Amino acid sequence: MGVSRDNHFVPQMYLRNWCISGKEKLFVYRLLVPNENMPVWTECSVKNTGFLKNLYVRVEDDQELDDFETGFNELFEAPAKSALDKAISGSRMTPNDWSILSDFILAQFLRTPSFFFGVQEWGVKNIESILQLQLDQVAEIINDGQPFPPTKRNQDAMLLPIKIELIHGTNKESQTELQASTVVGKNLWLYAIKTMTAPDSPVFQLFHKMKWKIVTAPEGITWPTCDNPVAIVNVNTGDICTIGQRGLLGNDRIVVFPISPRKAIIGTQIHVFDHHFTADLDFSMRIKRAIINNSFMFIYSDHDDDDVIKMKKRIVDQSEYFRIQTEFSEWYSKYKTKEAQFLGKKRIATSP
């Protein structure tokens with residue numbers, strides 16, 4: 001079987017909850033357009049949105065792998081379908097349903113292009129400490145008596161795009177040194193996904209300690225979703241919280257995740273809401289604003305919602321539009337050219 005290349009970062013089974021009645025399509029509001037003549041809302045099929053070519057495809061030892069794409073489906077999407085259906089229909093939820101949904105919501109938080117760019121920003125600021133940690137781990141292995149290159153390494157760490165070299169001195173007085181080099185790119189993001197969805201991850205444990213609730217929109221109110229549908233919001237200010245901020249999931253944070261036009265799941269660290277409740281007008285609009293403000297490039301709805309247009313104006317910029325299109329179209333080829341050389345067994349080597 002070939003590599004799966006159309007990688008949906010918003011699952012199709014999830015987006016179908018916003019389909020226009022009787023269609024396999026939904027309304028899409030694009031936040032960046034090349035000119036004013038572009039329609040404000042367009043109809044788009046579920047399978048043709050919320051994806052990028054080769055988004056999760058990675059390279060290891062010159063081999064293309066789609067293990068993340070298959071993993072998202074098998075570990076998170078397929079198990080969550082039944083639990084999501086229960087949450088939307090109001091059926092009784094079991095503790096296992098909530099555990100499955102916690103995994104799904106965490107994975108959805110991590111798997112989007114928006115989170116990718118957040119990881120890049122974080123990586124640039126912290127790359128020196130990342131490299132030093134890897135050097136310390138390899139040095140410890142060597143000091144324990146293993147030859148270089150080491151035969152045993154943490155498998156998750158193998159995802160990191162880091163090349164480690166043992167540099168021998170040019171004369172007897174010169175010391176042998178370990179050197180590390182890297183590129184902040186896609187594999188750092190994949191490494192973050194892998195480690196943060198592991199059961200021993202502090203983020204994983206925080207998500208599983210969340211008090212999850214199902215909230216229903218009041219009559220006359222509907223909620224859209226977007227290409228970055230898991231929003232973490234400061235309840236005091238309404239601001240969206242991002243990776244790198246201290247207390248990302250603190251007591252003054254709320255996780256907002258819409259699951260249909262009338263239902264959303266919210267999570268808190270403390271007991272604030274009943275397990276199932278209908279939001280009042282003020283709270284329902286705060287939820288709607290959080291969903292819209294957390295969007296990256298697309299907002300989805302089952303109708304052409306005027307509230308969306310009022311809350312987040314689209315940007316008309318032809319040059320920026322085509323720059324982004326070009327960047328995404330060349331993203332994977334640049335990854336293979338610049339980053340793949342750091343991935344695989346050959347990235348741990350000794351100098352002559």
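The values are calculated or read from the model by the stated rules, or taken from the named source; none is laboratory data. Keep in mind it's a predicted model, so treat the numbers as computed, not measured. Cβ: placed from backbone, ideal geometry, glycine included. Neighbour counts: every protein chain shown. Protein only, heavy atoms only, side chains kept; ligands, DNA and RNA dropped before computing areas. Shrake-Rupley method; radii C 1.70, N 1.55, O 1.52, S 1.80 Å.
Annotations
- Selection count, region 285-305, where residues are more than 15 Å from residue 26 (Cα to Cα) and either surrounded by fewer than 21 Cβ atoms within 10 Å (Cβ to Cβ) or touching a Lys or Arg at 6+ places or on another chain (Cβ under 9 Å) (or both): 8
- For residue 96, the conditions (1) under 30 Å from residue 299 (Cβ atoms); (2) modelled with pLDDT of 90 or more all hold with the exception of (1).
- Test: residue in region 18-25 that is of a type in the set (S, T, N, Q) and in contact with a Lys or Arg (Cβ under 6 Å, 6 or more places away or on another chain): no
- For region 218-243, a residue qualifies if it is of a type in the set (Asp, Glu) and over 24 Å from residue 32 (Cα atoms), and exactly one does: 219.
- Yes/no for residue 170 being out of contact with any helix residue (DSSP H, G or I) (no Cβ under 6 Å at 6 or more places or on another chain), open to solvent by 10 Å² or more (accessible area, probe 1.4 Å), at pLDDT 85 or above and in a loop (DSSP other than H, G, I, E, B): no
- Considering region 258-352, the qualifying strands (runs of 3 or more DSSP E), each wholly inside and each with 3 or more residues that are of a type outside the set (A, V, I, L, M) and in contact with a strand residue (DSSP E or B) (Cβ under 7 Å, 6 or more places away or on another chain), run over 263-268, 276-278, 298-301.
- Filter pass, residue 119 being modelled with pLDDT under 95, open to solvent by less than 30 Å² (accessible area, probe 1.4 Å), in contact with a Pro (Cβ under 8 Å, 6 or more places away or on another chain) and outside any loop (DSSP other than H, G, I, E, B): no
- For region 11-37, a residue qualifies if it is touching a residue at least 60 places away in the same chain (Cβ under 8 Å), in a loop (DSSP other than H, G, I, E, B), out of contact with any helix residue (DSSP H, G or I) (no Cβ under 9 Å at 6 or more places or on another chain) and not hydroxyl-bearing (Ser, Thr, Tyr), and the qualifying residues are 20, 31, 36.
- Single residue of 139, 78 found to be among the hydrophobic types (A, V, I, L, M, F, W, C) and open to solvent by 50 Å² or more (accessible area, probe 1.4 Å): 78
- Test: residue in region 41-61 that is free of Cβ contacts under 8 Å to residues at least 12 places away in the same chain and touching a Ser or Thr at 6+ places or on another chain (Cβ under 9 Å): no
- Among all positions in region 49-67, there is no residue which is in contact with a helix residue (DSSP H, G or I) (Cβ under 9 Å, 6 or more places away or on another chain), open to solvent by 10 Å² or more (accessible area, probe 1.4 Å), in a helix (DSSP H, G or I) and more than 28 Å from residue 22 (Cα to Cα).
- Failed criterion for residue 61 (all others in (1) more than 26 Å from residue 210 (Cβ to Cβ); (2) touching an Asp or Glu at 6+ places or on another chain (Cβ under 7 Å) hold): (2)
- Taking region 199-235 as the range and being small (Gly, Ala, Ser) and open to solvent by 20 Å² or more (accessible area, probe 1.4 Å) as the test, only 220 passes.
- Single residue of 107, 83 found to be outside any loop (DSSP other than H, G, I, E, B), within 26 Å of residue 325 (Cα to Cα), open to solvent by less than 30 Å² (accessible area, probe 1.4 Å) and touching an Asp or Glu at 6+ places or on another chain (Cβ under 9 Å): 107
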